[in-house]
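The structure appears right after this line, and notes come after that.
The numbers here are math on the coordinates, done by the rules we state, and not lab data. This one's a predicted model, so the numbers in the text were calculated from it and none came from an experiment. Here Cβ is always computed from backbone atoms with ideal geometry, including for glycine, and neighbour counts include all displayed protein chains.
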Amino acid sequence: MKKKIKIAFWGVRGSIPTHKIDHSAYGGHTSCVALSYGNSDFICDAGTGIRLLGQKIAKKKSNTYIFLSHLHWDHLFGLPFFAPLYQNRKIVLGGPKNGNGASFKKTLWQIMSPPFFPVDPLTWRAKIKWIDLKPKKARLDDGVRFECRWVDHTDPALGFKFIFPNGKSVIYVADQELKTGNKSFAQWIRGSDLLIHDAQYDPSQYSRHRGWGHSNFEEVVKIAMKSGVKTLVLFHHDPDSNDGLLKKRLEWCRKFLKQKRSPMTCLLAKEQTSLQI
Ligand SMILES: [Zn+2]
Ligand SMILES: [Zn+2]
């Protein structure tokens, strides 16, 4: 039997963590998704959700990768609380260079040092392999193929594509203002098994935040559907979107896809849940 990929959601919120009773169904931690396959864990982003994930990974030996889509706070400020960094093990840590060309390592080091944070990466016991991520194809552990591409955000940001030996593909795009007419992106996601994509706003929120680098979820649904995506997971929920509002969003998606007779499945990313494909 072919091995399955487990996709676990540890942080699904955008911009800033939120802790309110009417946000608890979907969760308040910022971006962190773990793809586990064979003996490898591929972690996308290190928002506040990474802390609890770290407690699990610290108990096992695995090939551990952390890829940051970009350097905005909500995607990295959980990193120093990732327990495996303080263990004697190897970790691959990658992210894009900053907009001025400084390496990912140098940029991250500055943020993770005093006066911004009390302990710097010299305190990490893990042996880190630092990588400047850029649009390129690579082969990772367990035969997983990996590809990056630039996406449309306010600062340099990457989308990730993982192609697994079981034939399935998973795409992660945390922050992107996706617009109709972005043909090269539509082509890139064509036929993917799972697309996790920024869906921060509904149309009325989007009308007030045009140019902020985040998507109107209705556009994302339409583009994913036309590109033959099998399952779409709406991600990076706005901190002002409560559970009721998010549930309505899901109802809209299901109604729309039914009307269009689309076979695509649409889900809302929910903290502490996982999928297998
Ligand atoms: Zn973000
Ligand atoms: Zn961002």
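The alpha carbons of region 117-263 occupy a box of 52, 40, 27 Å along the principal axes, longest dimension given first.
Considering helices alone, the calculated mean residue ellipticity of the chain at 222 nm is -5500 deg cm²/dmol, with DSSP H runs of length four and up weighted by -39500 (n - 2.57) and normalised per residue. Straight-line cross-link partners of residue 270 among the lysines, defined as a Cα under 17 Å from its Cα and at least 8 positions apart when in the same chain: 6, 20, 247, 248. Straight-line reach from residue 2: which lysines fall under 16 Å, measuring Cα to Cα and dropping same-chain residues less than 8 apart? Cross-link targets: 168. By the scheme Lys and Arg +1, Asp and Glu -1, what is the net charge of all other residues having a beta-carbon under 12 Å from that of residue 250? Result for the local shell: +3.
By the compact-protein rule of thumb, 2.2 N^0.38 Å, the alpha-carbon radius of gyration of the chain corresponds to a ratio of 0.95.
Peptides 43-52, 95-104 ranked from most to least packed by the mean count of surrounding Cβ atoms within 10 Å: 43-52, 95-104.
A simple count of charges around residue 168, restricted to other residues whose Cβ falls under 11 Å of its Cβ and scoring Lys, Arg +1 and Asp, Glu -1, yields +3. Quick check: from the Cα gyration tensor, does region 130-172 come out rounded (a/c under 1.5), prolate or oblate? It is oblate, given that a/c is not under 1.5 and a/b is not larger than b/c.
Taking the Cα centre of each part, how many Å lie between region 76-108 and region 14-75? After rounding, the separation between the Cα centres reads 14 Å. Let a ≥ b ≥ c be the square roots of the eigenvalues of the Cα gyration tensor of region 100-181; is it rounded (a/c under 1.5), or, if not, prolate (a/b larger than b/c) or oblate? Judged from the Cα gyration tensor, region 100-181 comes out oblate (a/c at least 1.5, b/c at or above a/b).
The relative contact order of the chain, computed from alpha carbon pairs under 8 Å that lie at least 6 residues apart in sequence, is 19 percent.
Here the Kirkwood formula puts the hydrodynamic radius of region 1-59 at 12.2 Å, using every distinct Cα pair.
Would you kindly enumerate the cysteines in the chain that have no other Cys beta-carbon under 4.7 Å from their beta-carbon? So, 32, 44, 148. Applying a threshold of 30 Å to the alpha-carbon distances of 136/260; 56/106; 61/137; 59/230; 161/255 flags 136/260; 59/230 as lying beyond it. Quick check on region 1-116: take the gyration tensor over C-alpha atoms, sort the square-rooted eigenvalues as a ≥ b ≥ c, and tell me if it's rounded (a/c under 1.5), prolate or oblate. Since a/c reaches 1.5 but b/c is at least a/b, the shape of region 1-116 is classed as oblate.
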